[in-house]
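Novice: Would you mind keeping the following structure in view while I ask a few things?
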Amino acid sequence: MPAVESIIAGFLLVAILASIISRRINVPYTQFLVILGVILATFSVSSLIGIDFINNLVGGGYFVALVLPPLVFEAMISLRSTELRSVIRPALALATIGVIVATVVGGSLLYLLAGIPIGTAFLFAALIAPTDTATVIEIFRRVKVPSRLSTLMSTEAALNDATGIVVFSVILASVTASQPSIFGAGASFVYLLGGGAVVGLFVGFGAELLSSLVDDPISETLLTVITVYGSYAFASYLGLSGLVAVAVAGLYFGNLTMRTTVKESTRGLVRSFWQTIVFVANTVAFLFIGLSTDVLQIIAGAVAILVAFLAVSIGRAATVYSILSFFSRTAERIPGSWRNVAMLGGMRGALSIVLVASIPQGVPARDTIVTMVLGVAFLSITLQGPLLFRYAGSRFPDKQATSEKEARARTGALMLEITELRELRKRGQISPEDFAARMAGEEQEIARLAREVRAKSQTEVVLRSRWRGFLALFKRRKKRSTRDRPLGPPPPPDGGATG
């Protein structure tokens, strides 16, 4: 196994290159990472980024604890309480009843139509039913959809792990010849979900009190790290849902602490810090999915994987369209296009892979379940992801998008307007307040357009500038050597003069 510094350097290099290439070829970053992980796993190159190290993290149960909490926290601090209140009921229904419905429908289809043993069918359906937090949050970070719809999907993904764990544990106990209790399962679910929410509130309130005593940006940012992993660790120690605790703590921090005790100048630093952490966490999650995918294993189990993917899709459709159609008759008002996005957005990924790793070796057909989980996770991202991007792009077009040519033309026009504003200000034909307001608006528009200019042009500018600098340096050295060279022949050595 390579040294830790080699793993970190290789991993970060892969992350940066994947981000650049995915934007160049217009492929979603997450999908490209999964495919890249599959390619790396096929060759020995995967050892450079520590595939054994990542597998040890998953096997030890550290993957969920390290990677998923930052994703949930960053998504929750960006949610507004007004948007959450408008979708909390359908989100909770999808996260609870929806997981149960998807498990029943998916397991029944696999048992009745595919002939898969009933224990294997329902155990697979239970661990694949919850939508994966990392996948869903990353997809809806990049897809242009209404913020209320993104809030609905992110909240469902953050809360449905409690239901999924309870249902999975009950079915696993049945398969391993234990005697599960329905009443005990219900009490366990309330304990996991409700207790996790209480811990999140407790930690969130404690973080707010500490934030009132902190006045420097670094300590404030460090406090958010303590909030994330402190709420997860505390809830997990009590046997509660750590992700639910992190979600509630994030909502508390984003809607109360950020507005009351965090300085305005520090808020941008906190958000930038967590955006960086989320980028790294997402890279780990999706690269792990690709690295965990054995192409030969998927080819060998292609029939079972396709049948499983079909059953999972039907289960998701039964969940989404029934629950959201019900709420569309109430005050929530969920349009049909939103239901289609929710259907396509029901991704499966790292969470299911982590759950399947916890199945004991003695469980019947364990290898079949592992193969189906890896295959369905791979198909979910590589098929549903592009479909979601295409559908969302057609239904919710990004009106702010601007081509490079249009952006340059608009930027030139804005520069002329700024010049005219400055002339008006010199002649006293505009007040200082109006001048400052209009200049601020023009500068914001220029900054937005500059961000939309393709990185390719920036790369060309950098290369052209460095090449010109090199040529100028070379010419200066050439001129200096020419100037310092003596014009005549060298003087004769001492004693060498002729009489």
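Novice: What residue, among those in segment 222-247 that are modelled with pLDDT of 90 or more and among the polar types (S, T, N, Q), is farthest from Leu193 (Cα to Cα)?
Specialist: Thr224
Novice: Filter segment 228-245 down to residues that are small (Gly, Ala, Ser) and not in a helix (DSSP H, G or I) and give me whichever is surrounded by the fewest Cβ atoms within 10 Å (Cβ to Cβ).
Specialist: Within segment 228-245, the match that is surrounded by the fewest Cβ atoms within 10 Å (Cβ to Cβ) is Gly239.
Novice: While we're on this one: Please give the number of the condition Thr96 fails out of (1) at pLDDT 75 or above; (2) more than 30 Å from Ile171 (Cβ to Cβ); (3) hydroxyl-bearing (Ser, Thr, Tyr).
Specialist: Among (1) at pLDDT 75 or above; (2) more than 30 Å from Ile171 (Cβ to Cβ); (3) hydroxyl-bearing (Ser, Thr, Tyr), the lone unmet condition for Thr96 is (2).
Novice: Can you find even one residue in segment 44-65 that is in a helix (DSSP H, G or I), at pLDDT 75 or above and either crowded, with 18+ Cβ neighbours inside 10 Å or not aromatic (Phe, Trp, Tyr) (or both)?
Specialist: yes
Conditions tested, residue by residue: (1) in contact with a Leu (Cβ under 6 Å, 6 or more places away or on another chain); (2) within 23 Å of Val38 (Cβ to Cβ); (3) at pLDDT 80 or above.
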| site | (1), (2), (3) |
| --- | --- |
| Gly336 | no, no, yes |
| Leu344 | yes, yes, yes |
| Pro360 | no, no, no |
| Pro364 | no, no, no |
| Glu404 | no, no, no |
| Arg410 | yes, no, no |
| Leu421 | no, no, no |
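Novice: Check segment 254-274 and report whether any residue there is touching a Gly at 6+ places or on another chain (Cβ under 8 Å), of a type outside the set (Gly, Ala, Ser), in a helix (DSSP H, G or I) and crowded, with 21+ Cβ neighbours inside 10 Å.
Specialist: Yes.
Novice: Could you please let me know if Ser322 is surrounded by fewer than 21 Cβ atoms within 10 Å (Cβ to Cβ), out of contact with any Asp or Glu (no Cβ under 8 Å at 6 or more places or on another chain), closer than 30 Å to Ile369 by Cα and of a type in the set (S, T, N, Q)?
Specialist: yes
Novice: Tell me, yes or no, whether segment 291-308 has at least one residue that is on the phi < 0 side of the Ramachandran plot and touching a Lys or Arg at 6+ places or on another chain (Cβ under 8 Å).
Specialist: no
Novice: Right, Ala365: over 28 Å from the mean Cα position of the chain (by Cα) and not acidic (Asp, Glu) or not?
Specialist: It is true that Ala365 is over 28 Å from the mean Cα position of the chain (by Cα) and not acidic (Asp, Glu).
Novice: So in segment 340-361, with the set limited to residues that are over 22 Å from Ala158 (Cα atoms) and touching a residue at least 60 places away in the same chain (Cβ under 8 Å), which one is nearest to the chain's Cα centre (by Cα)?
Specialist: Top of the filtered list is Ile359.
Novice: Report, by residue number, each residue of segment 86-108 that is hydrophobic (A, V, I, L, M, F, W, C) and either outside any helix (DSSP H, G or I) or crowded, with 20+ Cβ neighbours inside 10 Å (or both).
Specialist: Selection gives Val87, Ala91, Leu94, Ala95, Val99, Val101, Ala102, Val105.
Novice: Applying the selection to segment 112-150, what residues are among the β-branched types (Val, Ile, Thr) and more than 21 Å from Ile359 (Cα to Cα)?
Specialist: The answer is Thr135, Val136, Ile137, Ile139, Val143, Val145.
Novice: Also, I was wondering about something else. Just checking, which of Ala114, Ala95 is farther than 10 Å from Glu156 by Cα and either among the small types (Gly, Ala, Ser) or touching a Phe, Trp or Tyr at 6+ places or on another chain (Cβ under 9 Å) (or both)?
Specialist: Ala114
The values are calculated or read from the model by the stated rules, or taken from the named source; none is laboratory data. From a predicted model like this one, the values you see are computed outputs, not experimental measurements. Because the Cβ atoms are built from the backbone with ideal geometry, glycine has one as well, and the counts that use them run over all protein chains shown.
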